[in-house]
Amino acid sequence: MRKLNIFSEVKEHVTAREVAEFYGLKVRHNGLACCPFHNDKHPSMKIDRFYYCFACGAKGDAIHYVAEQYGLSEYEAAKKIADDFHIILEHDWKKDVKSRTQELEKRKAAEREEKRIIDIQKKFKEWCHKTIERLKDCLQMIASAKKICRCKPPDEIFLSEDFSLLLQKEPIIGY
Ligand SMILES: [Zn+2]
């Protein structure tokens with residue numbers, strides 16, 4: 001595929017003549033004009049897609065013409081033409097599409113990350129809720145076990161290893 005650049009794109013859209021006329025050059029029907037690059041009394045510049053002055057030898061395309069007339073670099077001249085003629089540069093446009101796509105990808109990734117965090121928070125809340133419920137059950141168990149045990153002699157109480165473990169953990173569960 002042919003590589004697009006600002007120069008080839010601008011030259012595809014406008015001729016030297018269109019550009020020259022836009023920036024004030026009077027071109028006669030025969031395609032001749034007074035050369036703006038030397039003190040021309042009689043039209044000695046032939047201008048169409050390119051321009052050529054038979055008197056001073058100035059020549060080039062649309063971009064050269066503007067660069068010469070305004071003392072710009074060729075790149076600046078091409079930019080100026082693109083702006084003034086409202087030429088939508090395809091290589092700029094492609095760059096835009098690329099950066100827009102990247103932007104979109106970034107936003108999607110951020111949304112995914114946000115969703116992931118929300119999910120984790122939700123799961124953590126559920127887990128907390130369940131754990132608290134479970135701990136409450138434990139406390140109830142301890143409370144009811146205590147009631148039962150109050151009527152029993154101590155040696156019998158501490159036969160139950162599980163129960164003594166529960167009692168040990170009671171302050172932690174309560175917290
Ligand atoms: Zn000339």
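For Phe54, the stated conditions hold: it is surrounded by fewer than 17 Cβ atoms within 10 Å (Cβ to Cβ) and in contact with a Ser or Thr (Cβ under 7 Å, 6 or more places away or on another chain).
Residues in region 1-50 that are surrounded by 17 or more Cβ atoms within 10 Å (Cβ to Cβ), within 19 Å of Tyr75 (Cβ to Cβ) and among the aliphatic types (A, V, I, L, M) were compared, and the one that is nearest to the ligand (Cβ to nearest atom) is Ala16. Considered as a group, the residues in region 57-79 that are within 39 Å of the chain's Cα centre (by Cα) and exposed (fewer than 15 other Cβ atoms within 10 Å of the Cβ) include one that is farthest from the ligand (Cβ to nearest atom), and that residue is Tyr75.
Laboratory data are not the source of any read-out in this text; all were calculated from the coordinates shown. Note that the structure is a prediction, hence the values are computed from the model and not measured. Because the Cβ atoms are built from the backbone with ideal geometry, glycine has one as well, and the counts that use them run over all protein chains shown.
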